[in-house]
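Structure record follows, encoded as structure tokens.
The values are calculated or read from the model by the stated rules, or taken from the named source; none is laboratory data. In this text, all values refer to a predicted model and were calculated from it rather than measured experimentally. Ideal geometry is used to build each Cβ from the backbone, glycine not excepted, and the neighbour counts take in all protein chains shown. Calculation scope for accessible area: heavy atoms of the full protein, side chains included, ligands and nucleic acids excluded. Shrake-Rupley method; radii C 1.70, N 1.55, O 1.52, S 1.80 Å.
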Amino acid sequence: MAASDLPSGQEVVLHEVLVDKQSDTTWLRFRYLAPQIAAGEAQIAFDAAGNDLLTLCQTFALPYVAEHALTVDKIVVSFMDRITEFGVPDPDAVQYFEAFRPEGDSCIWDDF
């Protein structure tokens, strides 16, 4: 699934959705391939991509939670310039991510 119409103008593709249960907290992770965040002169920096992360949380993650009748405590939206295995370090990859707390129809930025 491709996501477009993001504030930065970049195009991203959903790679995977992961449910991550940690003790009494359930995290839902949306991992997107975002080649335009790759290091280089044309790189989309985190400050521009941050609004994209929020947009995807509100326009894709929240409807996904509702559609699948999920109960989650945290939503993490992440971008990677190349496909990486979740939880495995890749020092050559550029990755951006933000955590959100779902509250009704809103994603509230949440500190890890």
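Our coupling estimate for segment 88-103, obtained by passing each phi through the Karplus curve with A = 6.51, B = -1.76, C = 1.60 and θ = phi - 60°, is 10, x, 9, x, 8, 8, 9, 9, 10, 7, 9, 9, 9, 10, x, 9 Hz, Gly and Pro reported as x. For Ile44, the residues whose amide H sits under 5 Å from its own are Ile37, Ala38, ignoring neighbours fewer than 5 places away on the same chain, with H placed 1.01 Å from N. Mean-square fluctuations from a GNM of the chain, with a 10 angstrom spring cutoff on Cα atoms, peak among Ala34, Ala66, Ala99 at Ala66.
When the chain is treated as a GNM, springs tying every alpha-carbon pair under 10 Å, which of Leu56, Leu70, Leu28 comes out with the largest mean-square fluctuation? Judging by the Gaussian network model, the answer is Leu70. Amide H to amide H, with H built 1.01 Å from N, Thr26 comes under 5 Å of Asp73, Lys74, counting only residues 5 or more places away or on other chains. Accessible surface of the chain, 1.4 Å probe: 50 percent of it comes from carbon and sulfur atoms. For segment 30-96, the set of chymotrypsin sites (Phe, Trp or Tyr not before Pro) satisfying both a DSSP loop assignment and a count of at most 15 other C-beta atoms within 10 Å is given as Phe86.
Computed with a 1.4 Å probe over protein heavy atoms only, the accessible surface of the chain comes to 58 Å² per residue. Rounded to the nearest 5, the antiparallel percentage of DSSP beta bridges internal to the chain is 75%. Model label points for Asp47 and Val13, set 7 angstrom from Cα along the Cα-to-Cβ axis, are 3.1 nm apart. Full extension of the segment from Gln22 to Asp105, taken as 0.36 nm per residue of separation minus the current Cα-Cα distance, would add 27.5 nm.
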